[in-house]
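Notes for the one structure printed next.
The values are calculated or read from the model by the stated rules, or taken from the named source; none is laboratory data. As the structure is a computational prediction, the values presented were derived from the model and not from experiment. In this analysis, Cβ positions are derived from the backbone assuming ideal geometry, glycine residues included, and neighbour counts consider all displayed protein chains. Surface accessibility is based on the protein's heavy atoms, side chains included, excluding ligands, DNA and RNA. Shrake-Rupley method; radii C 1.70, N 1.55, O 1.52, S 1.80 Å.
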Amino acid sequence: MVDNKCSEDDLLEDYPPFMTTKQVAACGIKSVNGLNADRSLGVGLPFIKIGNVVRYRKSDVIAYVNSHVFTSTAEAKVAS
């Protein structure tokens with residue numbers, strides 16, 4: 001893996017600590033539909049659900065991005 005890790009200081013600095021599905025999708029990580037499907041399947045980004053409200057912790061979004069940094073497609077396939 002590459003050492004180019006993102007931190008809260010340089011990634012998503014304009015977003016609140018708890019992000020909506022639309023805010024996460026706006027970052028280009030996954031679409032709203034993709035995030036919704038992942039939640040249904042129990043995969044992908046961890047989320048918080050209180051009543052009908054779904055939020056993603058900004059720190060979890062950053063960790064998710066950092067866990068998907070590769071130097072080659074072969075490396076990415078091994079990690080899947």
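Annotations
- Gyration tensor verdict on the range 13-59 (Cα atoms; rounded if a/c is under 1.5, prolate if a/b is larger than b/c, oblate otherwise): oblate
- In this calculation the C-beta distance from I48 to V69 is compared with R0 = 22 Å, giving a FRET efficiency of 0.35.
- Those chymotrypsin sites (Phe, Trp or Tyr not before Pro) in the range 24-80 that DSSP places in a loop and that have at most 15 other beta carbons within 10 Å: F70
- Solvent-accessible area of S31, all protein chains in place: 70 Å² (probe radius 1.4 Å, heavy atoms, ligands and nucleic acids excluded).
- Taking amide H as placed 1.01 Å from N in the peptide plane, the amide H of M19 sits under 5 Å from that of Y56, R57, K58, each at least 5 places away or on another chain.
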